[in-house]
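Asker: There's a structure below that I have some questions on.
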Amino acid sequence: MNDLLQIDEVVGLALYPDNSYKPTPGDVLSVQLLNRGSDKVLRAIANRCGDAPYLVSTSLTESIIETGQSGKLENDLDEAIWEEIETGMRHQGRVTFNFVVLMALGGIMATIGIVAEPTRQVMPFVAAAIIAPGFEPVAALGLALVLRRWIVLWRAFRSSLVGYSTLIAASALTFLFLQAIGEATVSDFAGSEEVKHLAHPTTADTLLSVCGTISGAIIMSSFRKSVIAGALIAMVIINAAAVVGIGLASGRYDLAGQGLQRFGVDVAMIVGACMLVFWAKQQFFHNRKPIA
């Protein structure tokens with residue numbers, strides 16, 4: 001406790017002796033602190049507890065009011081700790097019924113956009129990027145590689161594989177359905193402006209995707225998770241995966257290959273950008289491994 005009192009970023013500290021019953025009987029320590037002091041506090045707790053079991057629960061306080069300390073509070077940082085970043089990615093990318101259905105719905109919407117007229121493509125593409133949780137599983141690959149979290153790497157790989165396989169399958173089935181009812185043809189697919197942009201991106205298109213991947217990594221590592229859809233909209237990974245599915249369903253394997261190539265490029269950009277951003281955060285801000 002004395003170690004925590006020496007940390008300037010700790011605003012409030014309370015000790016409740018013998019108030020814990022699970023996971024082990026013991027004391028409960030409540031700490032209110034500035035965000036920039038989170039890693040200092042976690043390092044102090046880890047050093048003090050050593051190999052003894054302990055539980056840490058974090059939460060975001062809406063406001064802290066301390067008389068005479070307004071300057072210190074207003075100059076706090078907007079960084080999330082590793083445990084919060086990892087938990088958020090695991091929550092958004094865990095292979096559950098909801099995750100699989102949302103990825104499938106994203107594939108359906110992207111397919112509708114690809115075969116639609118150019119003036120009607122924007123809304124389905126934006127909706128697909130917002131609905132499909134396609135960024136977090138791939139971003140977790142970069143986080144796992146930087147922090148050497150191999151169990152996280154395996155979970156992220158599994159989620160990415162299941163999620164995008166579902167999206168591709170949903171896109172293929174959607175195109176076959178639209179083709180069967182006369183709402184889409186192979187010519188509509190082959191002549192789509194989006195397919196052309198995916199196969200032959202301009203420098204501006206590539207720059208937009210790069211900005212999207214970097215901004216997504218920064219969003220995930222700060223307290224701005226509610227705007228992560230903006231990063232996915234700037235990229236074309238959802239549309240590229242949908243093109244793979246439509247190409248396979250329509251027999252246009254050349255277009256499916258082009259979609260797969262662009263999909264691979266976007267995956268590489270996401271992983272690379274996340275590794276760069278998370279490495280920088282580790283070197284210049286966190287400087288520690290996750291507790292668990």
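Asker: Using a probe of 1.4 angstrom, how much of the accessible area of the chain is carbon and sulfur, in percent?
Answerer: Solvent-exposed carbon and sulfur of the chain make up 60 percent of the total.
Asker: Of Lys281, Lys22, which has the most accessible area and how do the rest follow, probe 1.4 Å?
Answerer: Lys22, Lys281
Asker: GNM, the chain, Cα, under 10 Å: largest mean-square fluctuation among Val186, Val244, Val115?
Answerer: Of the options given, Val186 has the highest mean-square fluctuation.
Asker: With the other protein chains left in place, how much accessible area per residue, in square angstrom, belongs to the chain at a 1.4 angstrom probe?
Answerer: Per residue, the chain has an accessible area of 53 Å².
Asker: Decide, for the chain, between rounded, prolate and oblate: order the square roots of the alpha carbon gyration tensor eigenvalues as a ≥ b ≥ c, take rounded if a/c falls under 1.5, and otherwise choose prolate if a/b is larger than b/c, else oblate.
Answerer: It comes out prolate by the Cα gyration axes.
Asker: Please sort through the DSSP H helices of the chain and keep those with an alpha-carbon extent of at least 18 Å along the long axis and a Kyte-Doolittle average not below 0.5.
Answerer: In the chain, the long hydrophobic H runs are 97-115, 150-180, 203-220, 237-250, 253-281.
Asker: Would you kindly state how much longer the chain becomes between Ala268 and Leu15 on full extension, computed as 0.36 nm times their sequence separation minus their alpha carbon distance, in nm to one decimal?
Answerer: 86.4 nm
Asker: Give me the net charge of Phe99's neighbourhood, meaning all other residues with Cβ under 13 Å from the Cβ of Phe99; Lys, Arg count +1, Asp, Glu -1.
Answerer: +3
Asker: Full-extension gain between Lys196 and Arg224, please, as 0.36 nm times their residue separation minus the C-alpha to C-alpha distance.
Answerer: That pair, Lys196 and Arg224, stretches by 6.8 nm at full extension.
Asker: What does the accessible area of Leu208 come to, in Å² to the nearest 10, when a probe of 1.4 Å is used?
Answerer: Using a 1.4 Å probe on the heavy atoms, I get roughly 90 Å².
Asker: Lys and Arg at +1, Asp and Glu at -1: add these up for the other residues within a Cβ distance under 14 Å of Thr213 and post the number.
Answerer: -2
Asker: Applying 1/(1 + (r/R0)^6) with R0 = 25 Å to the Cβ-Cβ distance of Phe157 and Cys49, what FRET efficiency is obtained, to the nearest 0.05?
Answerer: It comes to 0.20.
Asker: At Ser30 and Asp76, where each label point lies 7 Å from the Cα along Cα→Cβ, what is the point-to-point distance in nanometres?
Answerer: Going by the 7 Å Cα→Cβ label model, 1.6 nm.
Asker: Sort Ser165, Ser222 from largest to smallest accessible area, using a 1.4 Å probe on the heavy atoms of the protein chains.
Answerer: Result of the area sort, largest leading: Ser165, Ser222.
Asker: Along each of its three principal axes, how wide is the spread of alpha-carbon positions in segment 191-292, in whole angstrom units, largest first?
Answerer: Largest to smallest, the principal-axis extents are 50, 29, 23 Å.
Asker: With a bin width of 5 angstrom, please list the P(r) values of segment 123-219 as percents of all Cα-Cα pairs, from the 0 bin to the one holding the largest distance.
Answerer: For segment 123-219, the pair-distance distribution reads 2, 11, 13, 19, 20, 15, 10, 6, 3, 1, 0.
Asker: Shifting gears a bit: Take the Cβ-Cβ distance between Arg90 and Ser187 as r, set R0 to 45 Å, and report the resulting FRET efficiency rounded to the nearest 0.05.
Answerer: Efficiency for this residue pair is about 0.55.
Asker: Given the peptides 262-271, 198-207, arrange them by the average over their residues of other C-beta atoms within 10 Å, most packed first.
Answerer: The packing order, highest mean first, is 262-271, 198-207.
Asker: By accessible area of protein heavy atoms, probe 1.4 Å, what ranking do Met235, Met109, Met123 get, highest first?
Answerer: Largest accessible area first, the list is Met123, Met109, Met235.
Asker: Within the chain, how many Lys pairs sit with Cα atoms under 29 Å apart, leaving out pairs fewer than 8 places apart on the same chain?
Answerer: 12
Asker: Follow-up question, since we're still on this one. Rounded, prolate or oblate: which fits segment 1-103 when a ≥ b ≥ c are the square roots of the eigenvalues of the alpha-carbon gyration tensor, with rounded for a/c under 1.5 and prolate only if a/b beats b/c?
Answerer: Oblate, since a/c reaches 1.5 and b/c is not below a/b.
The values are calculated or read from the model by the stated rules, or taken from the named source; none is laboratory data. Here the structure is a predicted model, which is why all the values come from computation and not from measurement. Every residue, glycine among them, receives a Cβ derived from its backbone with ideal geometry; neighbour counts consider all protein chains shown. Areas reflect the complete protein model, heavy atoms only, side chains present, ligands, DNA and RNA absent. Shrake-Rupley method; radii C 1.70, N 1.55, O 1.52, S 1.80 Å.
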